[in-house]
Amino acid sequence: MRDNTNLIVVSAILPIHIKKENGKYQVHISPGGLVTALKQVLHKRKAIWIGWAGSEKITPKMKNLIYEEGKKEGFLLYPVSLTNKEVEDFFNGFSNSIIWPMFHTFQYYCRFEPEYWKAYREVNKKFARYLKSISTEEDLIWVHDYHFFLLPEYLEKLGLKRKTAFFLHIPFPNPELFFKIPWRVEILRGLLKYDLIGFHTFVDRKNFLDCIDGLVKDVNILSTDPITEIVYNGKKVKVGVFPISIDFQTYQSLAKKSKKEEFPFKDKIVILGVDRLDYTKGLIHKVKAYKRFLEKYPRFHKKTVLVQAIAPNIKKIPEYDQLKIELEHIISETNGILGTPDWTPIYYFPRRLPFEKLINYYRFSDVCWINSIKDGMNLVAKEYIASQVEDKGALILSEFTGAAAELRDFACLVNPYDIEGCADALYRVLSKDSEEKRYKMKKMRKHIKHYDISWWGNTILETAFGKKIQDFPELKEDIPLHELLKSF
Ligand code: GDG
């Protein structure tokens, strides 16, 4: 980046949020993959990060707390306040009760309230006004995720000329789903005002281009791979595929220091799950499949445990409360039916694990199981791989994650809807020869080590500044699944 350029990052939520508890302000780490990834990219970069800090009013004391937290990480945090109504209609409403479910193929969870759309436009406008007050023409504004499809439109309406890049952290749906959204054309036209748009996979980009093709007139495609260039209303837009990743070296070095004595499940075969509480993560399907595995393969009784950590969600949506009830029910039912006084089949942690503990669990678990119904990427898969410093372990990975596009040759792919198939996959993974598992883990580690979070951040930023990049990972989304399913 040029010396006089500021990088201004925009996300709905800052990496920390503040809550007043017992009369005192408490700082909480915001959950989720976006925060994990961006913190690693912005660490020590000259960057301003703007977003909501979890509170309606921002007092000078809170501002100071937020500033100090950002300083520790090496960037400046600027909080934008949202009213309770905006949180309800923009955040919990349009963003998380329309876009999130629809883009993850849960169309029946969508609530298409016109009020939500109104609030979505208002909040995008509010962020544009805020950007006007802090940015200059030299800056790059890097916008994250589905809360801000309309931001460049409002920047333009305010007469601001800014270089803008957008990255979508969730999948982009195919036209059959996307076309159901009442405000579909406005969303696409809004997106086309960015200078650069990034997706995790080729399938996401194809879906986006197919939606454009069906709904927006007079779009010209100039070139395709690796970066697609399109012209709309006389403006050039670059559309790229940048699979997000992790800070491989940090996970690897912390995992090397992690101690087996601190691992609480030493004498068991451990199957690990680490997810946010979300219906997209396939948690109920996972517990059902694990139960089926134990019923089908009783020789694993008392030998295995499923350790499932579930970080709470900041989004306040009724579906999450319902999911928690159902999940706790099915976990206690499974433990009740199959457990014995000296064996609990499922350990469930309904809280955020401290980072050191998470690394310890990654390092010493025999299998990591990601069962998402749909997932943009899934960083847990990559964090587990980076922590397997002895090339042990195996990854069970849903076909419907972005990570599967990169890791499909070496992970054990599963269809999360197929309970019987997942149970058998777990059996195959546990019965496989350890040399073969080691070979596959080595291959995955080599890939993640090269295409790490620095690669992701640098590639997007350099593309935004017009540099031609040639080093892109090979995404094997076109290999027929039948070729892969027999491989594990
Ligand atoms: C969105 C997209 C995409 C989880 N539990 C604990 C904990 N975590 C951390 C993990 C990981 C992050 O949260 C979760 O990231 P994911 O990528 O798996 O999923 P989402 O939150 O849904 O993220 C996703 C991502 O954005 C990035 O683009 O990959 O597809 O949905 O970093 O480690 N961290 C700690 N304790 C926990 O209990 N410390």
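The values are calculated or read from the model by the stated rules, or taken from the named source; none is laboratory data. In this text, all values refer to a predicted model and were calculated from it rather than measured experimentally. Because the Cβ atoms are built from the backbone with ideal geometry, glycine has one as well, and the counts that use them run over all protein chains shown.
Considering only region 253-264, I want to know if a residue exists there that is within 16 Å of the ligand (Cβ to nearest atom), crowded, with 20+ Cβ neighbours inside 10 Å and in the same structural domain as Val35 (by TED's automatic domain parsing). No, every residue in region 253-264 fails to be within 16 Å of the ligand (Cβ to nearest atom), crowded, with 20+ Cβ neighbours inside 10 Å and in the same structural domain as Val35 (by TED's automatic domain parsing).
The residues of region 53-76 that are in a loop (DSSP other than H, G, I, E, B), among the hydroxyl-bearing types (Ser, Thr, Tyr) and at pLDDT 85 or above amount to a single one, Thr59.
Residues that are part of a strand (DSSP E or B) and more than 10 Å from the ligand (Cβ to nearest atom) were ranked within region 337-356; the one that is farthest from Ile271 (Cα to Cα) is Thr340.
Inside region 268-291, residues that are surrounded by fewer than 20 Cβ atoms within 10 Å (Cβ to Cβ), part of a helix (DSSP H, G or I) and touching a Ser or Thr at 6+ places or on another chain (Cβ under 9 Å) make up a count of 1. Scanning region 93-110 for residues being surrounded by fewer than 20 Cβ atoms within 10 Å (Cβ to Cβ) and of a type in the set (S, T, N, Q) gives a total of 2. Among the numbered criteria (1) modelled with pLDDT of 95 or more; (2) under 23 Å from the mean Cα position of the chain (by Cα); (3) not aliphatic (A, V, I, L, M), which single criterion is violated by Pro79? The one condition Pro79 does not meet is (1). Restricting region 265-280 to residues that are charged (D, E, K, R) and near the ligand (Cβ under 10 Å from one of its atoms) leaves a set whose member that is farthest from Glu383 (Cα to Cα) is Asp278. Evaluate region 292-315: report whether one residue or more is surrounded by 18 or more Cβ atoms within 10 Å (Cβ to Cβ), assigned to a helix (DSSP H, G or I) and within 21 Å of the chain's Cα centre (by Cα). Scanning region 292-315, I find no residue that is surrounded by 18 or more Cβ atoms within 10 Å (Cβ to Cβ), assigned to a helix (DSSP H, G or I) and within 21 Å of the chain's Cα centre (by Cα), so the answer is no. Cβ-Cβ contacts under 7 Å between residues 6 or more apart (or on different chains), taken from a first residue in region 177-203 that is in contact (Cβ under 8 Å) with a residue 12 or more places away in the chain and over 26 Å from Glu137 (Cβ atoms) to a second residue that is assigned to a strand (DSSP E or B) and not charged (D, E, K, R), are listed as Phe199/Val241; Thr201/Val241; Phe202/Val241.
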